[in-house]
DNA sequence: CCAGACGTTGTT
DNA sequence: GTCTGG
DNA sequence: CCAGACGTTGTT
DNA sequence: GTCTGG
């Protein structure tokens, strides 16, 4: 799945990659966590939104509800009450990430090791997601997931749905059947990963060395 | 009818 | 063990 | 996702 | 808001 990630690309590079009409002056992040405001792309605009989808019918700005919606299974997203509305109304987004983290438990489950997963060529990855608006100004999003393939299948059996940035227009223009097809076709074969410091576990830590390789 | 959930991953 | 905060 | 808290009364 | 469970 995807419960922590990094985005440290130059804002101008994101603008070029996704062809957005605006640019966001965002600081590099090495340890983005659910319930934080992060950049997302909706069609040709880039803006900030809070990670963890709060459904429009929520009675309050309910953090315990929203945080559970940080991921949505691509296979069943259309039928879940929490995501249905966003799915049917094509409230799609792309989440730019430099890479994301997964924790692998040891065989005896006593310890866990964090890994940083990134594109083999270190390009920014475009994760697909859905967004929702609650009230007048709470915009939230979720990251879609699917069965893992490629090198990281050894690490985890689920992974975020990743599409080439060049398919941005296709993603936003697709009907729901085509969108499902795009997600089914998404692959993790061009990913690579390495073990990183346990320091990434604490959300308060947010510095560039977190993505550096350490002995596993 | 009302009350309560509404999610994922991973582990058993 | 379970919930909350980040 | 992980880390860290998990409580009350009364006082300022 | 809508569905499920009781």
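The values are calculated or read from the model by the stated rules, or taken from the named source; none is laboratory data. None of these values were measured; they are calculated from a predicted model. No Cβ is skipped: glycine too gets one built from the backbone with ideal geometry, and neighbour counts run over all protein chains shown.
Scanning the stretch A:4-22 for any residue that is within 16 Å of DNA strand D (Cβ to nearest atom) and in contact with a helix residue (DSSP H, G or I) (Cβ under 8 Å, 6 or more places away or on another chain) turns up at least one such residue.
Could you look through the stretch A:58-74, keep only residues that are part of a loop (DSSP other than H, G, I, E, B) and in contact with a helix residue (DSSP H, G or I) (Cβ under 8 Å, 6 or more places away or on another chain), and pick out the one that is surrounded by the fewest Cβ atoms within 10 Å (Cβ to Cβ)? That would be A:58. Residues of the stretch A:102-121 include none that is away from DNA strand C (no atom under 16 Å from the Cβ) and within 22 Å of residue A:136 (Cβ to Cβ).
If you check A:179, A:184 for being part of a helix (DSSP H, G or I) and crowded, with 16+ Cβ neighbours inside 10 Å, only one passes: A:179. For the stretch A:77-85, the condition of being more than 16 Å from DNA strand E (Cβ to nearest atom), assigned to a loop (DSSP other than H, G, I, E, B) and more than 27 Å from residue A:24 (Cβ to Cβ) holds for none of the residues.
One line per residue, one yes/no per condition, for (1) exposed (fewer than 13 other Cβ atoms within 10 Å of the Cβ); (2) touching a residue at least 40 places away in the same chain (Cβ under 8 Å); (3) more than 16 Å from DNA strand E (Cβ to nearest atom); (4) more than 12 Å from the chain's Cα centre (by Cα):
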| residue | (1), (2), (3), (4) |
| --- | --- |
| A:4 | no, yes, yes, no |
| A:8 | no, yes, yes, yes |
| A:15 | no, no, yes, yes |
| A:19 | no, yes, yes, yes |
| A:39 | no, yes, yes, no |
| A:47 | no, yes, yes, yes |
| A:52 | no, yes, yes, no |
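If I ask for residues that are within 18 Å of the chain's Cα centre (by Cα), assigned to a loop (DSSP other than H, G, I, E, B) and surrounded by fewer than 19 Cβ atoms within 10 Å (Cβ to Cβ), which ones from the stretch A:111-140 would you list? Across the stretch A:111-140, the qualifying residues are A:120, A:122, A:123.
Take residue A:77 and decide whether it is within 18 Å of residue A:174 (Cα to Cα) and in contact with a helix residue (DSSP H, G or I) (Cβ under 8 Å, 6 or more places away or on another chain). Yes, satisfied. Within the stretch A:32-49, the set of residues being within 16 Å of DNA strand D (Cβ to nearest atom), in contact with a strand residue (DSSP E or B) (Cβ under 7 Å, 6 or more places away or on another chain) and either modelled with pLDDT under 95 or within 15 Å of residue A:7 (Cβ to Cβ) (or both) comprises A:32, A:34, A:36, A:37, A:38. Among residues of the stretch A:57-73 that are within 16 Å of residue A:131 (Cβ to Cβ) and in contact (Cβ under 8 Å) with a residue 60 or more places away in the chain, those with a beta-carbon under 7 Å from a residue that is in a helix (DSSP H, G or I) and within 14 Å of DNA strand E (Cβ to nearest atom) at least six positions away or on a different chain give the pairs A:58/A:65; A:69/A:82; A:72/A:83.
For residue A:143, only one of the following conditions fails: (1) closer than 30 Å to residue A:62 by Cα; (2) within 16 Å of DNA strand C (Cβ to nearest atom); (3) over 19 Å from the mean Cα position of the chain (by Cα). What is its number? (3) is the only condition that residue A:143 fails.
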